[in-house]
Amino acid sequence: MDLFDAIIFGGRLMEWLIAVIAATLVFLILLVVKRFVVRRFKTPAKKTATDVDDFLVDLWRSTTSASISQRSWRGWASAVLR
């Protein structure tokens, strides 16, 4: 039996490794996107008369790394445990 064929929590070890790598990449990409969106839209949002765009920028800025991480890991773990 190959090491990567070992079953852990209902999924093969290779599937878990792929899921961990994919979730980590998604997490990092989402952090970069978050940073880009906040920097790109913060200044124009302050210049407008409405508060809706200010609210959306503040919402993006207040999104924590933990919530991004939780969303990225949940999808990949459920794909392995199907």
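The values are calculated or read from the model by the stated rules, or taken from the named source; none is laboratory data. Computed from a predicted structure; not experimentally measured. The accessibility values were calculated without ligands, DNA or RNA, using every heavy atom of the protein model including side chains. Shrake-Rupley method; radii C 1.70, N 1.55, O 1.52, S 1.80 Å.
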Interchain or long-range residues, amide H under 5 Å from residue 11's placed H: none
With all protein chains modelled, accessible area of residue 61 [1.4 Å, Å²]: 110
All aspartates and glutamates inside 15 Å of residue 46 as judged from Cα atoms, apart from same-chain residues fewer than 8 positions distant: 54, 58
